[in-house]
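Visitor: Below you'll find the structure I mean.
The numbers here are math on the coordinates, done by the rules we state, and not lab data. Keep in mind that what you see is a predicted model, and the values were worked out from it rather than measured. Cβ placement follows ideal geometry from the backbone for every residue including glycine, while neighbour counts extend to all protein chains displayed.
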């Protein structure tokens, strides 16, 4: 009894992981959206406070630099990330908003030093806070405590609400609101716990690099198009629906589509499938942009591009969480590279749109934006096809390297004498080798391969947990990963797929 009384009790935060993650990560997204929608959106926002559009650009740069620097450091530093990193992140966001408040009250001049300081603090803080929340959500997903496919779109929807409030209010109310929700989002991550289940080391699977580059390429093309089209939306008259409302609407629609998709299937949709669905929609919107004279249709085309970008953004986060688990790579490496590249390409799209769109020749500028954006979109399938071909070639070589049953049935001693081997033992060795090949082809981590082998032996989750020295929830997460990577819907489907693979080879 005394031992039971000393056991730590789960608090409210631990009992409601999905709700807490939705609110906490959603707040970080909501603070980021008004700045990342486009730097030109700051023209009518009180957040600029004298810095003008340069504030958005500086934020982008600070955000991207933080992401890329984080990836570089975590490639060599493989320790667990604790609350001290989150203290610095949320402290920077809080301090950046305080600087803004001081500037708004007239106690600080709105020159370049102010813009660099405020944008740098907020850019570093929000980038690090987003990685921290995603690492925490990925850990909860591995433990089987929430579905990543539902947590991410719900957080984006929450972020859209936060962004809408920031767009609507101004002055001290806006900045006080930002300070309050920053503190609220920080509370779950300030607890003395690691943000990842383990201090992961780098051990890419054979197909890991291809899948990683392919996943980033989808976000990259939509990021550039998103930045360019946001310039089109900003330069066009939008009396019916202001540009801020268009952006928020795009986030809400994208989150609703992604969440609805998570309810319809337990299997993650591949990134390429989502791209194939989005490509024709975005292409039609881009082709129509230069010829649209109706304000309503112009808004609809811009919103479609925004929806495509945020769908690809959510999809990337979900896919990279799966790849990080499969390749045993820290989320801080994979996601920071992807988001850093994406933010730089948004800046590139914004700069391109601003350069070609002029009031003197708006139609020609729209045509050029559409043409270049379509070219960027069309490049992606070519890159993806090349990566997929290399991936299949590696898979074929792995299959060819699999030992044939005849090669293992009659091993030879050192003196060249054939050694007899029982058929049952030979069959077990062949099955073990083929199961290893099955695991490699589907990108299983070593731990997931062990779980697969025990599942094929008919072991229960409780038995597997005891055998591997893990908690049942952690094993549940590994089983979930095995189902997703193999495309199985349940245990029997997985066993059938393994047996078919063994019979085929």
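Visitor: Starting from the Cα of residue 375, move 7 Å in the Cα-to-Cβ direction to define the label point; list residues of segment 284-298 whose amide nitrogen is under 16 Å from there.
Guide: 287
Visitor: Ranking 12, 332, 112 by Cβ neighbours within 10 Å, fewest first, what do you get?
Guide: Working: 12 8, 332 27, 112 11.
Sorted ascending by nearby Cβ count, the order is 12, 112, 332.
Visitor: Distance in nm between label sites at residue 190 and residue 496, each 7 Å beyond Cα in the beta-carbon direction?
Guide: In this crude spin-label approximation the distance works out to 5.2 nm.
Visitor: Can you put 504, 485, 476, 491 in order of Cβ neighbours within 10 angstrom, beginning with the fewest? Mind showing how you got there, number by number?
Guide: Numbers: 504 8, 485 21, 476 18, 491 15.
With the fewest neighbours first, 504, 485, 476, 491 line up as 504, 491, 476, 485.
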